[in-house]
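Everything below concerns the one structure shown next.
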Amino acid sequence: MKPFSYVNPANERDAVRALGTDRDKVMPLAGGQDLLARLKDYVAQPDRVVNVKTALDATVTPMPGGGLKIGAAMKLVDLAEHAQVAKLYPAISRAAIEVGTPQIRNQGTVGGNLNQRPRCWYFRNEEFVCFKKGGNQCFSPTGENQFHAIFGNGPSFIVHPSSLAVPAVAYGATFRLAGPNGERMVAAADYFTMPTLKNVETENVLAPNELLTHVILPAPGGVRSGHYEVRFKESHDWPIAFATVLLTMSGQTVRGARVVMGAVAPVPWRSEAAEAALVGKPINEETAAAAAAAALRDARPLSQNAYKIQVAKTAVKRAILNAAGIATV
Ligand SMILES: Cc1cc2nc3c(=O)[nH]c(=O)nc-3n(C[C@H](O)[C@H](O)[C@H](O)COP(=O)(O)OP(=O)(O)OC[C@H]3O[C@@H](n4cnc5c(N)ncnc54)[C@H](O)[C@@H]3O)c2cc1C
């Protein structure tokens, strides 16, 4: 890999100071699961790397109104095993548990997971100068697109790689960002950005001189949640499609629903059609399947990924049943 200088700041303020305004030249390093691989593959070639793993908060703090604040440097394993997180936000726990392998969860952090770059094989190969690397095309529409987006219609067809991003959006999380002018709060749903020709090189609104420092989850109220991931096989790979579903019940009837899918679009993909299909209904196999069908109605697959429609339908249906406490196979 290309040589770079290494900064080891003691705290959040010094970490922010060590960043710069060119995101290609200075990069934060947390667990390194994603960044080190990109450095070794010459996909990223920064001049300076800033270690944020020991500078940022790695704890979970209760919030006055009943929510929780999760530090970006928290390891995925600690998140997965946190009793209060599991009790209040089971879909966050589930997503963390399902990431990779024990080794990956021991190394990867919350901030790194939410900010990891796409897994697209064209992006990860230094030979392909795609939109995301300053080029003028996305190679997937006419290339190998088995794992690419079925929603969003480009111009880049990556799927967002973060498993935590989906339940974070579903629960209405807020991200705290720290920059040279202090902090700012951004709703998780507004953090991840759909690609346009202007912003296609990034996946979110984070400025080069900012860090994501905390994920703030609002009090869950009486909401019930389900999370279901479908993988190619029971391996450590990223899911092909997955979903987080939140249900607010009035007796046996759904009063409110939130349906968010992952690995189907460049951002966590909320389906208001699926939510509308659930409201006013009881949850059973039939209503869950109808909502799942509504969630995928507007999918536009590429040449090799139409199979993802059925996979995503299954994920949504099972997440709904899961949220209602109905066992799935
Ligand atoms: C085999 C395998 C399977 C995997 N399966 C899954 C899966 O199923 N689901 C899933 O979600 N992930 C999966 N991963 C990815 C893994 O979870 C992430 O790579 C890991 O969480 C990244 O965390 P990190 O701390 O190591 O990040 P790093 O590699 O240190 O950083 C990742 C990116 O985020 C930036 N960054 C880091 N911290 C911050 C911060 N606080 N603020 C702003 N930017 C920051 C870095 O600059 C870098 O660009 C898998 C990885 C492997 C190798």
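The values are calculated or read from the model by the stated rules, or taken from the named source; none is laboratory data. Predicted model, so just to flag it, every value in this text is computed and none were measured. Positions of Cβ are backbone-derived with ideal geometry, glycine not excepted, and every protein chain shown enters the neighbour counts. The accessibility values were calculated without ligands, DNA or RNA, using every heavy atom of the protein model including side chains. Shrake-Rupley method; radii C 1.70, N 1.55, O 1.52, S 1.80 Å.
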In the list 158, 150, which residue meets the criterion of being modelled with pLDDT of 95 or more, within 16 Å of the ligand (Cβ to nearest atom) and not in a strand (DSSP E or B)? 158
The conditions are (1) farther than 20 Å from residue 26 by Cβ; (2) away from the ligand (no atom under 13 Å from the Cβ), and residue 199 fails exactly one of them. Which is it? (1)
Going by what's in this entry, would residue 168 be described as in a helix (DSSP H, G or I) and open to solvent by 30 Å² or more (accessible area, probe 1.4 Å)? no
If a residue has to be farther than 13 Å from residue 269 by Cβ, out of contact with any strand residue (DSSP E or B) (no Cβ under 7 Å at 6 or more places or on another chain) and among the hydrophobic types (A, V, I, L, M, F, W, C) to count, how many in segment 304-320 make the cut? 1
If a residue has to be open to solvent by less than 60 Å² (accessible area, probe 1.4 Å) and within 26 Å of residue 306 (Cβ to Cβ) to count, how many in segment 246-276 make the cut? 14
Working only within segment 65-77, note down all residues that are out of contact with any helix residue (DSSP H, G or I) (no Cβ under 9 Å at 6 or more places or on another chain) and at pLDDT 95 or above. 69
Scope segment 74-91; condition open to solvent by 10 Å² or more (accessible area, probe 1.4 Å) and either near the ligand (Cβ under 9 Å from one of its atoms) or in contact (Cβ under 8 Å) with a residue 60 or more places away in the chain (or both); matching residues: 75, 88, 90
Residues of segment 121-147 satisfying the condition of being under 19 Å from residue 232 (Cα atoms) and either within 12 Å of the ligand (Cβ to nearest atom) or open to solvent by 20 Å² or more (accessible area, probe 1.4 Å) (or both): 121, 144, 146, 147
Just one of (1) open to solvent by 50 Å² or more (accessible area, probe 1.4 Å); (2) within 16 Å of the ligand (Cβ to nearest atom) trips up residue 111, so point out which. (1)
From the options 46, 62, residue that is at pLDDT 95 or above and open to solvent by 20 Å² or more (accessible area, probe 1.4 Å): 62
Give segment 297-329 a look and list any residue that's open to solvent by 10 Å² or more (accessible area, probe 1.4 Å) and not in a loop (DSSP other than H, G, I, E, B), or say none. 307, 309, 310, 311, 313, 314, 317, 318, 322
(1) closer than 22 Å to residue 192 by Cβ; (2) without any contact (Cβ under 8 Å) to a residue 24 or more places away in the chain all hold for residue 276 apart from (1)
Pairs returned, first residue in segment 98-112 that is touching a residue at least 60 places away in the same chain (Cβ under 8 Å), second residue that is within 6 Å of the ligand (Cβ to nearest atom) and among the hydroxyl-bearing types (Ser, Thr, Tyr), beta-carbon separation under 6 angstrom, 6 or more apart or interchain, are 99/163
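Residues checked against (1) touching a residue at least 24 places away in the same chain (Cβ under 8 Å); (2) surrounded by fewer than 21 Cβ atoms within 10 Å (Cβ to Cβ); (3) not in a strand (DSSP E or B):
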| position | (1), (2), (3) |
| --- | --- |
| 212 | yes, no, no |
| 221 | yes, yes, yes |
| 225 | yes, no, no |
| 229 | yes, no, no |
| 232 | no, yes, yes |
| 236 | yes, yes, yes |
| 244 | yes, no, no |
Would you tally the residues in segment 277-293 being assigned to a helix (DSSP H, G or I) and either open to solvent by 10 Å² or more (accessible area, probe 1.4 Å) or hydroxyl-bearing (Ser, Thr, Tyr) (or both)? 7
